Ligand SMILES: Nc1ncnc2c1ncn2[C@@H]1O[C@H](COP(=O)(O)OP(=O)(O)OP(=O)(O)O)[C@@H](O)[C@H]1O
Ligand SMILES: [Mg+2]
């Protein structure tokens, strides 16, 4: 029982948290791809800058003496999301829209987005340096320990308050996105444009408006994902840049252009990564008592050493592309 | 006054012009049919009206207003609708959602229009929740037409609505077009089933190399031996 709880703490909870972050990031990438048909590399910077917006706001709120029962990062999240949405719109207007107007190819837009990545990251370093920051310098991170000794576990189930909130907030966002895409006029227009942009135009759909809404959603969800990541670990200028590969993998595995696919892909890769680096010795240690001397378990026994965690996303990506090139949910073939 | 009038329209896709002076006039009660050989510029004419390519010369008047080079999101609310030749449904969306997209520019309640479309195409009512991509070619054509009718157009433009349909469906789709016209919607369509379509056309246009060759009522064109010989296969 102790071992099972350890497994849940290490794999299920951390996998879910990682999965939520990947899913929220991948949704933005997949929506932008569906509408504008290019791989938006700079999505990581929407996430990182979003986290910094939240960080600044949280600092300001704390300075004004505002306190809240939940971590400040979550309190300021809605405002940070609005700022990030505006920031995303600005980036589109400043860099991608002029290229689209000239009929630039998707690869040109991709390269432009790499430029945006470097630029935004440079700007963040300019203002914040290369160090890392924590949302929990002034407040404490509440940790819930569910005592399970009644079930014979010597270990409690451990989940931090931010982790619990992340899972709840992600679930709510996914439901909201689902309702938007299936119930609202604009959400349906977004699906229509991703399905057949020419016909959407012919139907009189305001495609410029759909593009704006796409950036608003991508910016807002990116900010949410970035802030959550910063709350879970620490905030630094290359916060999301480091995980752009698994996020892209999640979007492609789920089927590019498919919002639900991106969510499934994000969760899949999140769980797979935490399962891959899980130290099985912790669970299997009791076996040492019955195993012969020469077959004792090593101190760490994982599928993949932690430093190579990134390969997990690659492997899942390659296998998916080989077995089902359009991704789980049948997106655009890439 | 003509519902739509093209006067000496010149236009193309950026290179040499494809249309070299096209003249078309349609009254509100008309069914206009454009026929002509492959590559004559028939689809290009409809696209030019709908702002999908650059018009460099001539005028396009819709309801007395020059609309040359206006984009669809301005034309649809004015009462113009277009069913393209191919890829004319949202395959991943349900039949009903396809219809809703046709009503995107409308701010009023469009349920009555939807009921009207379902009444015209009962099979679509049955399949309203099914993705349009799962329907047969004929049913998709109905979805495409239904989508275009959802904006309550004054002029419905159709590019080869009978393409790829079995003879039974061809007759059915033509009957529906006539019926839509009787309910007060002007029609301008391109057709390869030229004889069949001209038979019910109040205006016929034979296009070749981006220019009008012959203009008249449908039956007049069918009766013209020269048209019959060169364009209707004898
Ligand atoms: N998107 C495009 N870009 C460049 N040229 C085009 C484009 N679409 C059509 N053309 C050219 O315009 C000319 C007229 O094409 P159009 O599609 O209008 O012919 P059509 O009369 O509709 O023929 P069909 O009966 O085969 O449908 C052709 O020579 C074609 O090559
Ligand atoms: Mg054509």
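The values are calculated or read from the model by the stated rules, or taken from the named source; none is laboratory data. No experiment lies behind these values; they were computed from the predicted model shown. With ideal geometry, Cβ positions are generated from the backbone for all residues, glycine too; neighbour counts draw on all protein chains shown.
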* Specify the residue that is modelled with the highest pLDDT; the eligible residues are those in the stretch A:286-318 that are more than 18 Å from residue A:270 (Cβ to Cβ) and surrounded by 14 or more Cβ atoms within 10 Å (Cβ to Cβ). => A:301
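Residues in the stretch B:25-52 that are away from ligand 2 (no atom under 13 Å from the Cβ) and in contact with a helix residue (DSSP H, G or I) (Cβ under 7 Å, 6 or more places away or on another chain): how many?
Total meeting the criteria: 4.
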* Taking residue B:177 and the conditions (1) over 16 Å from residue B:30 (Cβ atoms); (2) away from ligand 2 (no atom under 16 Å from the Cβ), which numbered condition does it fall short on, given that it satisfies the others? -> (1)
* Give me the pairs, please: first residue somewhere in the stretch B:26-46 and within 21 Å of residue B:195 (Cβ to Cβ) and within 14 Å of chain A (Cβ to nearest Cβ), second residue anywhere and near ligand 2 (Cβ under 9 Å from one of its atoms) and at pLDDT 95 or above, beta-carbon distance under 9 Å, and either six or more positions apart or on two chains. => B:43/B:159; B:43/B:160; B:43/B:190; B:46/B:159; B:46/B:190
* helices (runs of 4 or more DSSP H) wholly inside the stretch A:192-258 containing at least 1 residues that are free of Cβ contacts under 8 Å to residues at least 12 places away in the same chain and out of contact with any strand residue (DSSP E or B) (no Cβ under 8 Å at 6 or more places or on another chain) -> A:197-202, A:207-232
* Asked: Of the residues that make up the stretch B:75-83, is at least one within 16 Å of ligand 1 (Cβ to nearest atom) and either within 11 Å of another protein chain (Cβ to nearest Cβ) or closer than 14 Å to residue B:9 by Cβ (or both)?
  -> yes
* If you take the residues of the stretch A:141-173 that are surrounded by fewer than 12 Cβ atoms within 10 Å (Cβ to Cβ) and part of a loop (DSSP other than H, G, I, E, B), which of them is farthest from the chain's Cα centre (by Cα)? -> A:152
* **Verdict on residue B:159 being touching a helix residue (DSSP H, G or I) at 6+ places or on another chain (Cβ under 6 Å) and on the phi < 0 side of the Ramachandran plot** => yes
* Residue ID - nearest to ligand 2 (Cβ to nearest atom), chosen from residues in the stretch B:100-117 that are more than 10 Å from every other protein chain (Cβ to nearest Cβ) and touching a residue at least 12 places away in the same chain (Cβ under 8 Å) -> B:117
* Search result, residues across the stretch B:10-31 that are within 15 Å of ligand 1 (Cβ to nearest atom) and within 14 Å of residue B:187 (Cβ to Cβ) -> B:24
* Of all residues in the stretch B:1-21 being away from chain A (no Cβ under 14 Å) and assigned to a loop (DSSP other than H, G, I, E, B), which is farthest from ligand 2 (Cβ to nearest atom)? -> B:1
* So which of B:233, B:210, B:216, B:204 ends up being away from ligand 2 (no atom under 16 Å from the Cβ), over 15 Å from the mean Cα position of the chain (by Cα) and closer than 23 Å to residue B:2 by Cβ? -> B:216
* For residue B:143, state whether it is closer than 27 Å to residue B:40 by Cβ and more than 16 Å from ligand 2 (Cβ to nearest atom). => no
* **Qualifying positions in the stretch B:63-72 - within 14 Å of another protein chain (Cβ to nearest Cβ) and either touching a strand residue (DSSP E or B) at 6+ places or on another chain (Cβ under 7 Å) or surrounded by fewer than 20 Cβ atoms within 10 Å (Cβ to Cβ) (or both)** => B:67, B:70, B:71
* To do: Test each condition in (1) facing chain A (nearest Cβ under 10 Å); (2) part of a loop (DSSP other than H, G, I, E, B); (3) in contact (Cβ under 8 Å) with a residue 24 or more places away in the chain for residue B:129 and report the one that comes out false.
  => (1)
* Identify, please: which residue in the stretch B:155-176 is closer than 15 Å to residue B:199 by Cβ and away from ligand 1 (no atom under 13 Å from the Cβ) and is, among those, farthest from the chain's Cα centre (by Cα)? -> B:167
* To do: Kindly list, by first and then second residue, each pair from a residue in the stretch B:181-203 that is within 20 Å of residue B:40 (Cα to Cα) to a residue that is assigned to a loop (DSSP other than H, G, I, E, B) and more than 13 Å from ligand 1 (Cβ to nearest atom), limited to pairs with Cβ atoms under 6 Å and residues at least 6 apart or on different chains.
  => B:194/B:232; B:195/B:232; B:203/B:30
